[in-house]
Each structure stands twice: as structure tokens, then as C-alpha cells.
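The values are calculated or read from the model by the stated rules, or taken from the named source; none is laboratory data. Quick caveat: nothing in here was measured; it's all calculated off a predicted structure. Ideal geometry is used to build each Cβ from the backbone, glycine not excepted, and the neighbour counts take in all protein chains shown.
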Amino acid sequence: MKHIIYSILMMVLVLFLYSCSGTAPKTASSSKANQAQIDNNKVKVGIEQQKNKILELEQLVKELNNRIEYQENMLSTLSEEFSDQMEIVNKYDSSSSKITQTLIKMKNKFEVLEDRAFYTDSVYFEIVNDLVKIDSKIQILSKNQSSINSDTSVVISDDEYSRRYSEALNSFFNNGLAQNSLGEFEKLISLRSDHSLSDNCQYWIGEVYYKQKLFKESINEFSKVFKFQDSNKLDDAQYKIILCYVNLGDYDLAKQNLDELRINFPNSEYINKANKLIK
């Protein structure tokens, strides 16, 4: 029994020694291979890093070349501009004396013009004074003439007045002849301001200006209708004044005249029309 156990132990020991002797060389060989692989990888990594650095340096060199080219272009441009400026300076130096002489001549001419302007102003002032005197004389003569005409004026008949009024009215409604009617209406009023149609004449004078879109003049003429207190054109004139202010864009005065139309002519047909214009 002891012999068998001893034999088994010996066999185990032999196997152990054999296994140790067989694996040691293999482990050493594997370790060297691994180390070589690691070294190879390190070399590859180093080569790759160097390639990247070379690429970076090439890109940097390219950028530097571009900057150098840009600086050279700028230097060339500045050199050309400097040359141009030098030419201008040289030309200015050569012509500066001429410019100075020209300025002196211009200054002398300006002084002469100032003297003439002063003389002209003084002459103009004298002319204005003369015109004022002449205008005063004309006004005096006009008043004298008016007084003479009032004494010697011809009084026309009612029929003649009505006939001329109708003709003037027809001219107003005839396109292109409205301006012609203006003078006739004014003349009829000057001949007989007490005639029953004189207020109508005054009203149609306002209409002539209204037709010509001269709204300020029209307001002035329509306002004169109110001098004829018994006129049948009073509310017409008031309504037309409202229309004039609306056309002028002055709605405050238009509303003010609308209020007067309501107070003075409460039954007028124009109140509703005016209300639609002014809200």
C-alpha cells in the first residue's frame, strides 16, 4: 500500500516537473511577442502623430503664404495710392499760386457786387416810396371817380337787369364761360345793389370761385350774401361755406357753420346734407 502511494506521488511529481519545464519557454516567447506588438503599436501611433503635425504645419504654411500675398497686395495698392497722392500734391503745388490769384479776383468781384447790391437796395427803396405815393394818389382818384359815377351812373330797368342776370347765369352753367359770368354779376351789383336779384348775383359770384376750387375766395363771397337780410339764398350760402371748409380740411369751422345753419335755418333742407359730411 505504501509502495503504491509512493509510486503515485512520484508520478504526480514527475508530471508537475514536466509541466513546468514545458510552459516556461512558451510563456517567455509569448511575452516577447506581446512586447513587440506593443512597441509596434507605439511606433504606429507616433508615426500617425507626426503625420498630423506635418499636416498642421502644411496648413500653417499655406495660411502664412496667403497672409504674405495679402500684405504684398495691400502694399502694392498703398504704393499706387501714395503715388497718386504725390501727383495731386505736385499738381496742387504747381497751381496753388493760380488758385490764390483766382480767389483774390473773386473776392474783388464780390466786393464790387456788394457795393452794387447796396446801391440797388437804396434805389429799390426809393422806387417803393414812389410806388406808395402813386398808389395813394390812385386811391384818391378812384374815390373821386366813384363819387362822380354815383352821381352820373345810369340806372337800368328791372327788365334789363333780369335779362342780363339770366345771360350771366347761362354763362355760368355753360362749361368754359363761368369766369365770364363773374364780371357780369359784379357789374350788376355795382349798378343796382338794391335790386331783388342782387343777392342772387352775390351768391353766384361765390359759386364761380367754388367751381374754380378757390375755396377761400368762395367763403369770402358767400359771406357777403348775409348783407342781404331778406335774401332767399341765405341758407344756400351757409351750406356752401360748410362745403368750402370741408374741402379745405377745416372740420372745426365746418362744424361751427353747421351749428349756425341749424340755429338760423332750422327747417333748411341742407341740414341733413351737411350732417352727412360732418360726423
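Candidates are the residues of the range 234-255 that are among the aliphatic types (A, V, I, L, M), closer than 24 Å to residue 193 by Cβ and in contact (Cβ under 8 Å) with a residue 24 or more places away in the chain; the one that is surrounded by the fewest Cβ atoms within 10 Å (Cβ to Cβ) is 234. Residues in the range 208-219 that are of a type in the set (A, V, I, L, M, F, W, C) and part of a helix (DSSP H, G or I) were compared, and the one that is nearest to the chain's Cα centre (by Cα) is 215.
So that you can scan it fast, the table gives a plain yes or no per residue for (1) surrounded by 13 or more Cβ atoms within 10 Å (Cβ to Cβ); (2) at pLDDT 95 or above; (3) in a loop (DSSP other than H, G, I, E, B); (4) among the hydroxyl-bearing types (Ser, Thr, Tyr):
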position: 196; (1), (2), (3), (4): yes, no, yes, yes
position: 221; (1), (2), (3), (4): yes, yes, no, no
position: 229; (1), (2), (3), (4): no, no, yes, no
position: 232; (1), (2), (3), (4): no, no, yes, no
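Taking the range 234-279 as the range and being under 19 Å from residue 203 (Cα atoms) and not in a helix (DSSP H, G or I) as the test, the residues that pass are 265, 268, 269.
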